[in-house]
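Visitor: Just passing along the structure, written as structure tokens.
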Amino acid sequence: MKRTRVAIIGIKGYPYVYGGYETLIKSISERLVQKNTSLTIYCHRALFPKRPSEVNGIELKYIPALEKKSLSQLTHSLLSTLHACFCRYDAILYVNVANAPFGWLPRLLGTRTVINVDGLEWQRPKWKGLGALYYKLCARMVKFTFSKVITDAEEMKKTYAESFNTESVMIPYGAEPSHDEDIEILHQLGITKQAFYLVVGRMIPDNNLDFIVREFTESNTSKKLVIVGDDIFKSSYAKEIQDNIQKNKNIITTGYITNYTYLTTLYKNAFGYIHGHEFGGTNPTLVLAMNESCLILALNTRFNKEVLDEGNNGFFFNKKSGSLARLMDRIEHNESSESLDSIRKKGPERVEKHYNWDQIANQYLNILAD
């Protein structure tokens, strides 16, 4: 039986875990190579001092780019697309709607092109003026340049249908099976089980970390706040957050954690997971928190409500001053431990039913091999 030859363009690389796209591609690619698929991932050359040609059965191509915040991904995707046009792939999977202009060229040469558009990029605070305009143009363009469009939430599918008259296939993000714990990370950070809140995400305005830090600081909680994440571009926004964090001895930052066992240990042992992501669809860190039976406090958005089943799997706060602080106080003092445990236990069941990586990988394979 002929193997389907697939290339992936639009992420930082593999196995470099940096954000939602990288989590998605790592999880599905390692499954696709087990399903008669020949897989190639295009990586940002500058991020990989060591450049093996293959990892876990996945071929890796290292392509240069203009390493500027606004140009890095676009120039990398353009050069990767030009390279891929000479490789006779059966299909190319792109992530990030910003890559909309590149889908037509491989199609002219007979290659099927598929794109995961992710979130409401044109609404994200980090993109203003021309950046926001470009993303909105790409969202309108994508149905013409690609063979198939993938959205990662029913609410995102609805947005593309109603705003851009674009049909899409909804395939969510998932969560890996639960790992064993390694409490060494708790000792390293000086924290104990159930005595801290956890935040996982980049220090960018989209994730509202400034609001979360402010609300935590103004709350009455005696617990600590552990923040896993950073900003590789070292923006003024991230610097301001870091300056505020240094004033509070109960806030701990870890930077990025690439040890998956350490990361899941933090999820498992946190009293609560705080999720401030605002403009994406199905967020992988939120799904992972559900899978690890976290007590979830999430920003009230239609995407987070979809993942948390309208509140059956967590609590919601808004961006008004005092909203999160009051929710923390309520959970710590007015909710019984039995009711909180009941919510925690629902998470893994929902993930297994709706956010299973094995099922998700099969959905991608069906589209790519069509």
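The values are calculated or read from the model by the stated rules, or taken from the named source; none is laboratory data. Note that the structure is predicted; figures quoted are calculated from it, not measured. Cβ placement follows ideal geometry from the backbone for every residue including glycine, while neighbour counts extend to all protein chains displayed.
Visitor: If we keep just the residues of segment 144-197 that are basic (Lys, Arg) and buried (at least 17 other Cβ atoms within 10 Å of the Cβ), which is nearest to Gln363 (Cα to Cα)?
Guide: Narrowing segment 144-197 to residues basic (Lys, Arg): 148, 157-158, 193.
Add one more test, that the residue is buried (at least 17 other Cβ atoms within 10 Å of the Cβ), and what stays is 148, 157.
On the way: Lys148: 13, Lys157: 16 Å.
That would be Lys148.
Visitor: Residues in segment 66-85 that are touching a Leu at 6+ places or on another chain (Cβ under 8 Å) and closer than 20 Å to Ser235 by Cα: how many?
Guide: Going through segment 66-85 one residue at a time, the tally reaches 1.
Visitor: Confirm whether Phe164 is at pLDDT 95 or above, among the aromatic types (Phe, Trp, Tyr) and under 21 Å from Ile274 (Cβ atoms).
Guide: Details: at pLDDT 95 or above: yes; among the aromatic types (Phe, Trp, Tyr): yes; under 21 Å from Ile274 (Cβ atoms): no.
Taking the combined requirement at face value, the residue does not satisfy it.
Visitor: For segment 12-47, which residues satisfy the criterion of being assigned to a loop (DSSP other than H, G, I, E, B), out of contact with any Leu (no Cβ under 8 Å at 6 or more places or on another chain) and not hydroxyl-bearing (Ser, Thr, Tyr)?
Guide: To start, the set of residues in segment 12-47 that are assigned to a loop (DSSP other than H, G, I, E, B) comprises 12-19, 33-36.
Keeping just the survivors that are out of contact with any Leu (no Cβ under 8 Å at 6 or more places or on another chain) gives 15, 17-19, 34, 36.
The answer is Pro15, Val17, Gly19, Gln34, Asn36.
Visitor: For segment 265-300, give me each residue that is among the hydroxyl-bearing types (Ser, Thr, Tyr) and surrounded by fewer than 22 Cβ atoms within 10 Å (Cβ to Cβ).
Guide: Our first condition is that a residue be among the hydroxyl-bearing types (Ser, Thr, Tyr); within segment 265-300, this holds for 265, 267, 273, 282, 285, 293.
If the condition is that a residue be among the hydroxyl-bearing types (Ser, Thr, Tyr) and surrounded by fewer than 22 Cβ atoms within 10 Å (Cβ to Cβ), then Ser293 is the only one that fits.
Visitor: Here is a check on your reading of the model: is Lys26 basic (Lys, Arg), within 21 Å of Gln363 (Cα to Cα) and out of contact with any helix residue (DSSP H, G or I) (no Cβ under 9 Å at 6 or more places or on another chain)?
Guide: Numbers: basic (Lys, Arg): yes; within 21 Å of Gln363 (Cα to Cα): yes; out of contact with any helix residue (DSSP H, G or I) (no Cβ under 9 Å at 6 or more places or on another chain): yes.
The answer is yes for Lys26.
Visitor: Select from segment 110-162 the residues that are part of a loop (DSSP other than H, G, I, E, B) and of a type in the set (Asp, Glu) and write down the one among them that is nearest to Phe86 (Cα to Cα).
Guide: Within segment 110-162, the subset part of a loop (DSSP other than H, G, I, E, B) is 110-111, 117-120, 124-129, 146-147, 152-153.
Now restrict to residues that are of a type in the set (Asp, Glu): 118, 152.
Working: Asp118: 27, Asp152: 30 Å.
Looking at residues that are part of a loop (DSSP other than H, G, I, E, B) and of a type in the set (Asp, Glu), I get Asp118.
Visitor: Looking only at residues that are over 15 Å from Thr253 (Cβ atoms) and among the charged types (D, E, K, R) in segment 198-242, which one is surrounded by the fewest Cβ atoms within 10 Å (Cβ to Cβ)?
Guide: So, considering only residues that are over 15 Å from Thr253 (Cβ atoms) and among the charged types (D, E, K, R), the one surrounded by the fewest Cβ atoms within 10 Å (Cβ to Cβ) is Glu218.
Visitor: Within segment 284-293, is even one residue under 20 Å from Val200 (Cα atoms), in contact with a Leu (Cβ under 7 Å, 6 or more places away or on another chain) and among the aliphatic types (A, V, I, L, M)?
Guide: The answer is no, given that none of the residues of segment 284-293 is under 20 Å from Val200 (Cα atoms), in contact with a Leu (Cβ under 7 Å, 6 or more places away or on another chain) and among the aliphatic types (A, V, I, L, M).
Visitor: So the check is Cβ under 7 Å with 6+ separation or different chains; which pairs have a first residue in segment 237-266 that's within 21 Å of Thr192 (Cα to Cα) and a second one that's surrounded by fewer than 15 Cβ atoms within 10 Å (Cβ to Cβ)?
Guide: Listed pairs, sorted by first residue: Thr261/Asp180; Thr261/Asp182; Tyr262/Asp182; Thr265/Asp182; Thr265/Ile183.
Visitor: Still on this model: Might you check whether a residue that is in contact with a Phe, Trp or Tyr (Cβ under 9 Å, 6 or more places away or on another chain), farther than 24 Å from Met203 by Cβ and part of a loop (DSSP other than H, G, I, E, B) occurs anywhere in segment 54-67?
Guide: Initially, segment 54-67 is screened for residues in contact with a Phe, Trp or Tyr (Cβ under 9 Å, 6 or more places away or on another chain), giving 55-56, 58, 60-63.
Restricting the remaining residues to those that are farther than 24 Å from Met203 by Cβ gives 55-56, 58, 60-63.
Still in the list and also part of a loop (DSSP other than H, G, I, E, B): 56.
Yes, segment 54-67 contains at least one residue that is in contact with a Phe, Trp or Tyr (Cβ under 9 Å, 6 or more places away or on another chain), farther than 24 Å from Met203 by Cβ and part of a loop (DSSP other than H, G, I, E, B).
Visitor: Sticking with this structure for a sec: Where the second residue is hydroxyl-bearing (Ser, Thr, Tyr) and assigned to a strand (DSSP E or B) and the first is closer than 14 Å to Leu263 by Cβ and lies in segment 172-198, which pairs have Cβ atoms under 6 Å and are six or more apart or on separate chains?
Guide: Leu198/Tyr273
Visitor: Consider Ala139 carefully, then state whether it is closer than 22 Å to Leu365 by Cα and modelled with pLDDT of 95 or more. Break it down stepwise before answering.
Guide: On the way: closer than 22 Å to Leu365 by Cα: no; modelled with pLDDT of 95 or more: yes.
In short, no.
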